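Visitor: Structure incoming, see below.
The values are calculated or read from the model by the stated rules, or taken from the named source; none is laboratory data. What you see is a predicted model; the values in this text were computed from it and never measured. Here Cβ is always computed from backbone atoms with ideal geometry, including for glycine, and neighbour counts include all displayed protein chains.
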Amino acid sequence: MRFKRAVLLSVLALLMLASAFAQKTTINFWTWRPEDVEVYNRLITTFETANPGIDVVQTAHKSTDYNTILSAALSGGSGPDVFQSRAYGGLETFAQSGYMESLEKAVPELKNFDKAPLRGATSIKDGKIYGVPFASQTLFVYYNKAIYKQLGLSVPDTWDQFLANLEAVKKAGLQPIANGGKEGWTLEVMMGAICPNFYGANDFFNAVVAGKTNFQDPRFVAAIGKLKELTPYMPDLYMGVAYTDMQSAFINEQAAHFIGGSFEAGYFAAQNPKLDFDVFAAPVAKKGDSHYVSVYADGNFSMNSGSKNKDAAAKWLRFLAGKDTGNAFIKELKQVSAVPGVDTSPSPYISKVLSLQKFNTPYLMLVGFRYNQPTGSVLIQAALQGFMAGKFDAAEVARQVQEGIATYYEPFKKK
């Protein structure tokens, strides 16, 4: 009798265990940041502890391959339940293709988010919100403080002072700038960091978006020309230098400067905790000018409209819209979180980024010209690669961009 009872209890235990496993829901989560995998793993652990019936499986793809892989998966009827989505035009493409679920009901926390980050998550065609904004990014110049101290350099105010610093680093036998041009998007970032202070920041952005000027405006041409002045200080054979090479050179203290985005800091610090670096807004034409930085909503977390686990996906998205995630972005990823009400005071770096944002301008092509094909980013990246390789001049860069966008942009057609 005892044996039968023991067998019965064992069977019941197995059934209960099987039932528990059967009730588990697995959701797939994709990002374009292999650098951030460990941070997301910690967030996933926190979420799964609070939601024992849900497992989150993370997959991180290389940024440059991400859109292609994601598009193929979603169009094939598969893909992740929740995924990082691009902002602005990048979001529009997927939303209007029917691959994204609108989130106003699923994520009520969105009503508390600021309008600026929500702009990058909202469709300009139907006005619906298709993502949970995760961070804003700022473009500027990183510098190695130890090298500056060693050479007696000061943070430059003007362009001439910046070039003088680069020359001093070069004469000391060190690499002045880590940046290369193998991947066109890194050149667009360089343009976003350097050029606003020469083309007129918000005055030019507002005018070109309205069609009151165009990309062949002498101000824009002259600003592009400034980038070529940096080539003597870039690595040898710089057009073959990839993004990961750039990161490695700065992390390993082989280069004194890295022109990039605020999203780099967490990775730099994690890879080399002894790296003593800081940032400054790109230099200006003349002393007394305001130093503008390009700012943009980096991206969002979105739901696959074809997901079979929308309730679980919504719970994960609500967690991503919460303060655990916001704190992780600030403290671990060292990024300006879009989550409202998160305390930024523990991070001197975030405080510095926010202070630089006092004079901010939209990241030109991403915010203004990524809603149709060929996008402004595709055009400027290809043109900048040709320009930096010495194939043509800045005026040709402007012509290629202008003619490409004018094929669809109504304000330019009227000029």
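Visitor: Considering K182, K171, K145, which residue is over 30 Å from S305 (Cβ atoms), of a type in the set (K, R) and in contact with a Gly (Cβ under 8 Å, 6 or more places away or on another chain)?
Guide: Exactly one residue qualifies, and that residue is K182.
Visitor: So which helices (runs of 4 or more DSSP H) stay within the range 355-415 end to end and still have 1 or more residues that are within 17 Å of M190 (Cβ to Cβ) and among the hydrophobic types (A, V, I, L, M, F, W, C)?
Guide: By residue number, 364-368, 376-388, 394-406.
Visitor: Moving on to the next point. Just name the residue that is farthest from S302 (Cα to Cα) out of those in the range 110-134 that are among the small types (G, A, S) and surrounded by fewer than 24 Cβ atoms within 10 Å (Cβ to Cβ).
Guide: A116
Visitor: Okay, next question. State whether the residues of the range 59-79 include one that is within 22 Å of I129 (Cβ to Cβ), touching a Ser or Thr at 6+ places or on another chain (Cβ under 7 Å) and either modelled with pLDDT of 95 or more or outside any helix (DSSP H, G or I) (or both).
Guide: no
Visitor: When you go through D245, D236 one by one, which is the residue that is assigned to a loop (DSSP other than H, G, I, E, B), assigned by TED's automatic domain parsing to the domain that holds I194 and over 19 Å from V155 (Cα atoms)?
Guide: D236
Visitor: Quick one: is K315 closer than 30 Å to Y99 by Cα and part of a loop (DSSP other than H, G, I, E, B)?
Guide: In short, no.
Visitor: Suppose we keep only residues that are of a type in the set (A, V, I, L, M) and assigned to a strand (DSSP E or B) within the range 45-58. Which one would you say is surrounded by the most Cβ atoms within 10 Å (Cβ to Cβ)?
Guide: Going through the qualifying residues, I end up with V56.
Visitor: Being aliphatic (A, V, I, L, M), part of a loop (DSSP other than H, G, I, E, B) and either in contact (Cβ under 8 Å) with a residue 40 or more places away in the chain or buried (at least 19 other Cβ atoms within 10 Å of the Cβ) (or both) is the requirement here; does L333 meet it?
Guide: In short, yes.
Visitor: Hey, any hits in the range 82-94 for a residue that's over 21 Å from P340 (Cβ atoms), hydroxyl-bearing (S, T, Y) and either outside the structural domain of S337 (by TED's automatic domain parsing) or touching a residue at least 24 places away in the same chain (Cβ under 8 Å) (or both)?
Guide: So far as the range 82-94 goes, no, none of its residues is over 21 Å from P340 (Cβ atoms), hydroxyl-bearing (S, T, Y) and either outside the structural domain of S337 (by TED's automatic domain parsing) or touching a residue at least 24 places away in the same chain (Cβ under 8 Å) (or both).
Visitor: Any chance you could count how many residues in the range 229-238 are touching a Lys or Arg at 6+ places or on another chain (Cβ under 8 Å) and either of a type in the set (D, E) or surrounded by 16 or more Cβ atoms within 10 Å (Cβ to Cβ) (or both)?
Guide: Total meeting the criteria: 1.
Visitor: Of everything in the range 123-142, what is touching a Gly at 6+ places or on another chain (Cβ under 9 Å) and either free of Cβ contacts under 8 Å to residues at least 12 places away in the same chain or among the aliphatic types (A, V, I, L, M) (or both)? Give them in sequence order.
Guide: I124, A135, L139, V141
Visitor: So how many residues does the range 181-228 have that are crowded, with 22+ Cβ neighbours inside 10 Å and in a loop (DSSP other than H, G, I, E, B)?
Guide: 3
Visitor: Quick check, is I147 closer than 27 Å to Q335 by Cβ, outside the structural domain of Q335 (by TED's automatic domain parsing), touching a residue at least 24 places away in the same chain (Cβ under 8 Å) and in contact with an Asp or Glu (Cβ under 9 Å, 6 or more places away or on another chain)?
Guide: It is true that I147 is closer than 27 Å to Q335 by Cβ, outside the structural domain of Q335 (by TED's automatic domain parsing), touching a residue at least 24 places away in the same chain (Cβ under 8 Å) and in contact with an Asp or Glu (Cβ under 9 Å, 6 or more places away or on another chain).
Visitor: Can you spot a residue in the range 398-411 that is in contact with a Leu (Cβ under 8 Å, 6 or more places away or on another chain), at pLDDT 95 or above and under 21 Å from D203 (Cβ atoms)?
Guide: Within the range 398-411 (the criterion being in contact with a Leu (Cβ under 8 Å, 6 or more places away or on another chain), at pLDDT 95 or above and under 21 Å from D203 (Cβ atoms)), the answer is yes, since at least one residue qualifies.
Visitor: Take the residues in the range 241-268 that are among the aliphatic types (A, V, I, L, M) and surrounded by 17 or more Cβ atoms within 10 Å (Cβ to Cβ), then tell me which one is nearest to E38 (Cα to Cα).
Guide: Within the range 241-268, the match that is nearest to E38 (Cα to Cα) is A265.
Visitor: Okay, next question. Taking the condition of being surrounded by 16 or more Cβ atoms within 10 Å (Cβ to Cβ) and either free of Cβ contacts under 8 Å to residues at least 60 places away in the same chain or closer than 27 Å to R119 by Cα (or both), how many residues in the range 387-397 meet it?
Guide: Qualifying residue count for the region: 0.
Visitor: Determine whether F134 is more than 24 Å from G341 (Cα to Cα), in contact with a strand residue (DSSP E or B) (Cβ under 7 Å, 6 or more places away or on another chain) and among the aromatic types (F, W, Y).
Guide: When the stated conditions are applied, F134 does not pass them.
Visitor: Here is a further query. What number of residues within the range 368-379 are hydrophobic (A, V, I, L, M, F, W, C) and modelled with pLDDT under 95?
Guide: So the count comes out to 0.
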